[in-house]
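Heads up, the thing below is written out as structure tokens.
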Amino acid sequence: MMMPPPPRTPSSLRDLLARERVDEDDDDAPQLAPRPRGASSRSRSCRHASPPPPPPLATTTTTREEEGEAAGAGAVVSVLSAYAGRLLRDADFRRALRDKCAACLAPAAAGDDDAGRPVLANLELGIESIERLASDNGSASAQAQAQAPRDAKIRSLRNSIRLLSVVASLHSPRPGAAGDGGGGRTCGVPNSHLAACAQLYLAVVYKMERNDRVAARHLMQVFADAPGLARRDLLPDLWDHVFLPHLFHLKVWLTKEVDLVADWDADDRCRRMKTVQRLYNDHMDSGTAQFAMYYKEWLKSGAAAPPPVPSVPLPSLPWNFDGREKNSASVHRTSINRDLWVNLSHRLHH
């Protein structure tokens with residue numbers, strides 16, 4: 001009996017990573033309706049009949065809305081992909097990010113959790129592998145390409161994905177919850193911080209293979225896993241562009257609270273501002289995580305309608321306000337400007 005031919009070895013990492021793209025599309029794939037009985041016979045008997053009338057055209061308003069959603073999703077991918085691409089082109093920027101990730105691992109040096117050492121080793125090996133590939137990709141010389149065959153690059157990227165995915169799986173933030181410090185620790189390091197660093201370099205891997213949509217989603221996951229770490233330390237400039245426009249009302253609230261206690265005595269001012277700062281950071285981290293998941297889900301559905309826009313109210317202080325304080329703490333909910341991403345994308349590319 002003739003044996004079936006062996007499966008073809010994929011020649012591109014794009015083939016190896018296609019499963020992630022397929023998994024995203026399966027949920028949104030249209031289901032074919034069953035053909036009614038007699039359809040085949042009717043088609044044969046009416047072979048020369050006039051074609052059926054075309055379906056009615058969608059309204060102009062609906063078409064414009066769909067075009068706007070598609071343009072917005074494309075702009076999101078473009079902006080985030082361009083940022084991930086900077087990691088490939090700019091060696092200094094890449095070195096700075098690696099130093100920041102190394103700072104996240106600093107508490108592990110004083111820890112005695114030997115069981116968690118393999119996790120840290122996975123992260124470090126994955127980062128080192130991507131660093132080498134990014135350096136080779138940046139040189140782009142014929143000699144470098146000859147020394148690093150395509151098959152070797154595929155194996156290295158596949159191994160990096162495996163190592164980083166293990167670390168990224170340590171933390172699964174709840175929707176809308178700020179992940180910093182939660183979800184356990186490994187060798188004294190919050191799992192949320194380890195996962196954020198792994199997601200950052202996974203974004204670089206997919207950018208190498210020009211899978212911009214998946215790279216953008218991994219970049220958003222950095223802010224979902226560790227919003228405080230991402231906005232203050234890892235990617236503050238990206239946070240300013242992407243998240244601050246949606247959370248600016250929190251900064252306005254903080255400024256008003258600072259002005260409110262300017263003439264208070266030192267003890268009362270310090271006590272109140274300690275509470276204000278804690279509430280501000282909690283709401284800013286929670287809002288960042290919510291919008292990160294919002295954009296990640298929007299990118300998953302592609303040009304379809306995005307999910308509901310998150311609502312991030314102002315903090316409420318745990319005591320009664322007088323009239324002046326009530327004005328400063330009026331509830332304000334976030335809104336989203338769909339043109340924000342399109343305009344930002346134009347500025348970054350022109």
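Suppose R0 equals 56 Å; then what is the FRET efficiency for residue 266 and residue 92 from their Cβ-Cβ distance, rounded to the nearest 0.05?
Calculated transfer efficiency: 0.85.
Sorted on the mean count of surrounding Cβ atoms within 10 Å across their residues, most packed first, peptides 221-232, 159-170, 249-260 read 221-232, 159-170, 249-260. Would you please give the FRET efficiency between residue 151 and residue 232, computed as 1/(1 + (r/R0)^6) with r the Cβ-Cβ distance and R0 = 30 Å, to the nearest 0.05? According to the calculation, E is roughly 0.15. Packing here is the average count of other Cβ atoms within 10 Å per residue, and on that basis the peptides 201-208, 129-136, highest first, run 201-208, 129-136.
Distance between the 7 Å Cα→Cβ label points at residue 82 and residue 114: 5.1 nm. With both labels modelled 7 Å from their Cα along Cα-to-Cβ, the residue 99 to residue 317 distance reads 3.9 nm.
Between residue 136 and residue 121, residue separation times 0.36 nm minus the direct Cα-Cα distance comes to 3.1 nm. Distance between the modelled labels on residue 172 and residue 277, one decimal in nanometres: 3.6 nm (7 Å Cα→Cβ projection).
Coordinate-derived values only; no laboratory data. Note that the structure is predicted; figures quoted are calculated from it, not measured. Please note: Cβ atoms are built from the backbone with ideal geometry, for glycine as well, and neighbour counts cover all protein chains shown.
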